[in-house]
1. Give me the distance between the Cα centres of the range 64-84 and the range 34-57, rounded to whole Å.
2. Provide the percentage of antiparallel DSSP beta bridges, counting only those with both residues in the range 6-129; round to the nearest 5.
3. With a sphere of radius 14 Å drawn around the Cβ of L129, what net charge do the other residues whose Cβ falls strictly inside it have (Lys, Arg +1; Asp, Glu -1)?
4. Can you sort R98, R40 from fewest to most other Cβ atoms within 10 Å of each residue's own Cβ?
5. Pick from K108, K117, K42: which is most flexible by mean-square fluctuation in a GNM of the chain where alpha carbon atoms under 10 Å apart are linked?
6. Just one of [x] 183; [y] 124; [z] 101 is volume of the Cα convex hull per residue in Å³ calculated from these coordinates, so which is it?
7. At a 10 Å Cβ-Cβ cut-off, how would you order Y116, Y26, fewest neighbours first?
8. Mean residue ellipticity at 222 nm from the helices of the chain, using -39,500 (n - 2.57) per DSSP H segment of n ≥ 4 over the full residue count, to the nearest 500 deg cm²/dmol?
Amino acid sequence: MKVIPKQDLIIRDSFKLPFAGGEIWYEELDALSVHADIVREKFLKDMETIRKPSSPSFIVIHLDETQVDQKMAALIVCELSHVERPLIKIAFVGLGFRAKIMFRSSFKRMDHTFCYKFMSDLQKAKEWLLDA
C-alpha cells in the first residue's frame, strides 16, 4: 500500500446513491492510507447520518487503499451492529485477506441482524446489495 502524507489525502464525502430502483449509502473510506485517526473520525461522523431513519439500509463501505487493523475493524462492526433501525445488507469493498479475517473475527464477537459480504468490485457490490 502506498503511504500518502496526511496533507495530500483527498477525503471524499460519503453519499446516498440511487441505484437500480433503490438507494445505497456509499461510505467513502478508500485511499486514506495508514491514517487510522482520519478513518475513525470520518466513519464516526458518517455514522450520524447512517443512524437516521431516512438513510438507506443497504451500505457499501469502500476501504480500498486504506490500512485496516483489528481495532478499526472492531469499531466499524460495533458501530454498525448498534444501529437501532434495521440495516439489511453491507458490502465491504477493497479489503485484503488479513483485513477480511479481522472483520470476520469482529463479526463473530458481535450480534448483528444484517447480511454482509466482502467484494472486490464496486459494481458487483451495488448489484448484490439490491438483488432481490
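1. Centre-to-centre distance over Cα atoms comes out at 10 Å.
2. Roughly 25 percent of the DSSP beta bridges within the range 6-129 come out antiparallel.
3. Neighbour charge sum, excluding L129 itself: 0.
4. With the sparsest Cβ surroundings first, the list reads R98, R40.
5. K108
6. [z]
7. Fewest-to-most ranking of Y116, Y26: Y116, Y26.
8. -11500 deg cm²/dmol
All of the numbers you see were taken from the coordinates with simple rules; none came from a lab. From a predicted model like this one, the values you see are computed outputs, not experimental measurements. Positions of Cβ are backbone-derived with ideal geometry, glycine not excepted, and every protein chain shown enters the neighbour counts.
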